[in-house]
Structure formats: C-alpha cells, structure tokens
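K.L.:
Starting off with a structure, shown below.
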Amino acid sequence: MTMTHSPLTRETGLSVRSLSTPVRRTTETLLDPAVWQQIMQTVRVNHPSLHRVWFDQMTPRQLTNGVIQVTVSTMAQLNFCQGQCQQPFTAAAQAATGRLLAVSFHCENLPRGGVFNEGDQPLLLNPDYAFEQFVTGPCNRLAHAASVAVGEQPGKAYNPLFVHGGVGLGKTHLLQAICQKVLERQPDARILYLSCDTFINQFITSIENGDMNQFRHRYRHVDVLVIDDIHFLAGRDRTQEEFFHTFNTLYHAHKQIILSADCPPSEIPELEERLVSRFNWGLVARIEKPCYETRVAILQKKARMRGLTLPEDVVCYIAGKVENNTRELEGAITKLQGMGLLQNGQIDLELAKSAFGETATADQKRITIQQIFDAVTKYYGVRLSDLQGKRRHKSIAFPRQVCMFLARRHTRYSLEEIGGYFGGRDHTTVLHAVRTVDGDMKDDPEVAKQVTHIETQVTG
C-alpha cells in the first residue's frame with residue numbers, strides 16, 4: 001500500500017509517526033512593515049522616556065504562533081528590551097493589530113563570556129552607558145580616553161585603571177562602557193563587576209563558612225575585575241590583605257583591573273601603603289563637574305538618545321541651572337519630558353522655567369527632612385513610623401526610598417546622616433535608594449510624575 005502525505009504534513013515538513021498522532025501546525029508569516037512602524041509609533045507616544053534612537057535598528061523577523069520575533073544588535077540592548085520593553089511593545093502590537101499577540105526580543109551572536117556580579121549572576125548592562133553616548137569635555141577627557149584604550153586592549157593599555165570623582169559624574173557610565181567594548185571585541189571574556197561592599201561581604205561570609213578557596217577562585221580567574229567604590233576598603237585590614245593578593249594574581253597574569261572611588265588612592269583613609277602604590281601603577285584619572293559647555297552637550301546628547309528635540313534656549317537654561325552632575329541633567333530631561341506630555345509634547349522656555357525654577361532656590365529655602373517626611377507620608381498614605389521601621393514591603397519600601405532621594409537632592413545632609421533619620425540605616429542603603437528612584441524616574445513616567453508632584457509640594 002502506498003502512503004500519501006496529508007496537506008498538513010506537506011505544509012509543515014514534519015514526518016508522520018502514526019495516523020492517530022496529532023501534528024502541531026506552525027504558522028510563520030512576515031510582519032507587515034507598516035504594522036511594525038505603527039507599533040513603534042505607539043511605544044514612542046505612550047512611553048516617551050523608554051524610547052531610544054537605536055530602536056530604529058531593531059528588526060522584526062517574523063510572526064510565529066502569535067509572537068513577533070524582534071532582533072536587536074547587542075547584548076546590552078537585549079537586556080534593556082527584555083527588562084523594560086516587553087510589556088509596552090506587546091500592548092502596542094495588540095493595539096496595532098487587534099489581535100492577542102506578544103513581542104519577543106532576541107540577539108544573534110550572543111557573547112560566550114559575560115559580565116557577572118555577586119553570586120555569579122549576569123549583570124544587566126545598560127546600552128545607554130556605551131562610549132557612543134558619553135560626552136567628553138575638559139572635565140573627563142583623560143578618563144574617557146583611558147577607558148576607551150582599556151576597552152580595546154584590556155590588560156595592556158592601563159592596568160590598573162583607577163577612575164575617581166563625585167556622585168553622578170560618569171564613573172559608572174565609563175565602567176559599563178568598558179565592559180561592553182571588551183565583550184564586543186572578545187566575546188569569550190569573563191568580567192566580574194561588583195561593588196566594594198559586595199567584595200567585603202563575600203570575603204566575610206567565605207571566612208565564616210570556611211570556603212576561601214571558592215572565594216579566591218571566583219575573583220582570581222577572570223579576565224577583567226571591575227570594583228566600584230573601592231574606597232570602602234578603608235580601615236579593613238584583613239580585607240585589604242586579601243584584595244592585595246587578588247590584585248597581584250590578576251596583575252601578573254595580565255588581567256585587567258578597573259577601580260572607581262570618590263577620591264584618588266592617596267586620599268583614601270586607612271588604606272595600606274602597598275595598595276596605594278599598586279593603585280597608582282597604571283593610570284589614575286579624575287572626573288570633575290562638567291563645565292557649562294559640556295553640560296549643554298550632555299543635554300543635547302541625552303535628548304537625542306530619547307528622540308527628544310529641545311529648543312536651544314531650553315538647553316541653555318537647564319545647563320545654567322543644573323550644575324552638579326550628569327545624573328541631575330538626565331533627571332532634568334526626564335522631568336521636562338514628563339511635563340511636556342501635559343502640553344501635547346510642547347516644550348518651551350516657559351515650561352522649563354516652571355519645571356526647574358523652584359529647584360534653583362531649593363537650598364535657599366532650607367528644606368528640612370521633616371518637610372519631606374510630611375509630603376511623602378501624605379502622598380502615599382503611610383506613617384512616619386513605617387518609614388523609619390524595618391518593614392520591607394513595597395508599599396513602605398518605595399516611599400522610604402523616595403524620602404531618601406529627596407533628602408539627598410534638597411538637603412545638605414550626608415548619606416550617613418540621612419540614614420540616621422531612617423532607623424539608623426547605613427550610607428549604602430541610602431545610596432541604593434537614591435540610585436533606584438533616579439533610575440525609576442528615567443524609565444517610568446508614572447514614577448517621575450509621582451516624585452515630581454511630591455517635590456513640588458516640598459519646594460513650593
């Protein structure tokens with residue numbers, strides 16, 4: 001008897017095992033370019049702070065079983081899309097087609113190595129922190145040039161590379177840019193990127209658990225070791241001893257070491273002289289506050305990155321008002337973009353003045369932490385005792401972080417002093433809160449709207 005294939009078998013190309021075995025049909029179609037453009041426009045309108053100019057380089061490959069497969073160029077872009085774009089793009093696809101579709105992001109030629117943090121978990125690199133997005137000026141030219149050289153020739157150009165400067169001046173940007181460049185050129189590279197606090201805590205835990213061999217293997221068998229805030233080694237004799245030997249092992253194996261701090265090695269208190277000497281073996285590069293011209297360039301670059309057009313007078317106004325660091329300039333763009341949505345996207349000098357005029361005189365008004373407490377507890381409907389207590393539920397934790405963020409921005413208290421107002425929390429907790437709220441405001445218009453409203457109540 002001659003067996004003939006059914007139409008379903010011919011279409012899918014699958015073999016038939018038995019007449020009673022169901023064959024699952026796979027439907028693949030090319031996505032209409034007009035539909036993809038409509039999806040992109042919906043995301044651009046509904047999530048302006050999410051939009052990036054490199055979105056135009058994303059390629060919708062096919063529509064398979066109700067899922068739009070989209071290809072991005074780099075691992076960092078994939079991290080960004082998978083972490084922040086899945087839901088907005090899926091909602092836009094459903095709105096554009098009227099069908100129950102989903103969007104899935106993929107990256108071809110993924111690196112075989114990677115960047116890891118504590119516990120050997122992959123570190124999600126941010127595509128915003130690439131060299132192409134970094135604005136150079138007199139304040140950071142040396143640090144940028146050295147970072148580019150290290151990214152192209154790790155272990156050979158400058159080893160170690162020690163970058164220091166104040167909060168929000170671009171140290172993290174350069175460190176992540178180096179990691180991305182290394183992986184671009186050496187896909188097999190293994191990079192360990194973490195904070196000094198994590199190194200200290202893991203060292204202590206390893207001693208307690210008696211697994212120092214595992215600890216040493218983790219830190220001494222990498223191609224690039226990146227440690228942020230290395231100044232926290234100050235006064236920790238045993239940890240300094242361990243890091244000294246880790247440093248020597250990597251250095252003599254020609255593995256790259258990259259460190260950042262808020263001051264140069266010689267000014268870190270209670271740091272052993274032999275570590276000071278080794279930190280100075282390579283290049284020590286300082287990042288200073290950006291000058292006016294650099295601030296203008298940063299604003300223009302960050303706005304273009306989001307596909308936002310700012311009038312020249314608005315850029316000049318903000319650059320004149322926001323002087324401290326790059327992070328505040330990014331926050332200014334986010335704030336202005338959020339307020340612009342209320343005026344149909346119209347951003348002009350009048351809007352900029354209403355958005356940032358009060359910030360310029362915040363210090364003069366002597367804003368107190370109590371005022372911040374009052375505004376936050378009223379807005380979120382929480383109690384002061386909750387903010388100062390130990391509860392970690394999101395309904396309490398986020399308002400607490402907003403308080404810390406506003407206290408850091410509008411008062412002259414140090415991180416340690418702010419932590420004291422919240423049940424004696426340490427400076428790292430406050431710093432984490434500041435970074436979390438700052439990042440959420442950039443990525444989520446709703447969060448930016450909430451914080452801006454509370455800030456207006458405090459500064460008004």
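K.L.:
Let me know the shape class of segment 147-282, please: from the alpha-carbon gyration tensor, a ≥ b ≥ c as square roots of the eigenvalues, rounded when a/c is under 1.5, otherwise prolate if a/b is greater than b/c, or oblate.
P.N.:
Judged from the Cα gyration tensor, segment 147-282 comes out oblate (a/c at least 1.5, b/c at or above a/b).
K.L.:
If you don't mind, another one. Gain in length, Glu288 to His245, computed as 0.36 nm per residue apart minus the alpha-carbon separation, to one decimal in nm?
P.N.:
12.4 nm
K.L.:
Please identify the cysteines of the chain that lack any partner cysteine with a Cβ under 4.7 Å from their own Cβ.
P.N.:
Lacking a cysteine Cβ partner under 4.7 Å: Cys107, Cys139, Cys179, Cys196, Cys263, Cys291, Cys316, Cys403.
K.L.:
A further question on this structure: Determine which lysines satisfy two conditions relative to Lys449: a Cα distance under 22 Å, and not lying fewer than 8 residues away in the same chain.
P.N.:
Lys302, Lys321, Lys335, Lys353, Lys378, Lys394
K.L.:
Work out the length of the dipole vector of the chain about its Cα centre, built from +1 on the beta-carbon of each Lys and Arg and -1 on the beta-carbon of each Asp and Glu, and round it to the nearest 20 debye.
P.N.:
That gives a dipole near 880 debye.
K.L.:
Once neighbouring chains are kept in place and the probe is 1.4 Å, which whole percent of the accessible area of the chain is contributed by carbon and sulfur?
P.N.:
49 percent
K.L.:
Any idea what Rg and Dmax come out to for segment 276-329 if you just take the C-alpha atoms, in Å?
P.N.:
15.3, 49
K.L.:
Whole number in Å², please: accessible area per residue of the chain, 1.4 Å probe, ligands, DNA and RNA not counted.
P.N.:
50 Å²
K.L.:
Then there's this: Classify segment 233-281: rounded, prolate or oblate, from the alpha-carbon gyration tensor (a ≥ b ≥ c, eigenvalue square roots; a/c under 1.5 rounded; otherwise prolate if a/b is larger than b/c)?
P.N.:
Verdict is oblate for segment 233-281.
K.L.:
State the answer as a single residue: which of Thr452, His410, Phe244 lies farthest towards the positive end of the charge dipole of the chain, with beta carbon charges of +1 for Lys and Arg and -1 for Asp and Glu, about the Cα centre.
P.N.:
Checking the options against the dipole of the chain, the answer is Thr452.
K.L.:
Under the Karplus relation 6.51 cos²θ - 1.76 cosθ + 1.60, θ = phi - 60°, what is the ordered set of whole-Hz ³J(HN,Hα) values for segment 60-66, x standing for Gly and Pro?
P.N.:
x, 6, 6, 10, 10, 6, x
K.L.:
Regarding the chain, what is the average projected area of its C-alpha convex hull, in nm²?
P.N.:
28.6 nm²
K.L.:
Tally Lys/Arg at +1 and Asp/Glu at -1 over every other residue whose Cβ is under 14 Å from the Cβ of His144; what's the total?
P.N.:
+2
The values are calculated or read from the model by the stated rules, or taken from the named source; none is laboratory data. These numbers were taken from a predicted model, which means no experiment stands behind them. Note that we place each Cβ from the backbone using ideal geometry, even for glycine, and neighbour counts take in every protein chain shown. These accessible areas exclude ligands, DNA and RNA; they are computed on the full protein's heavy atoms, side chains included. Shrake-Rupley method; radii C 1.70, N 1.55, O 1.52, S 1.80 Å.
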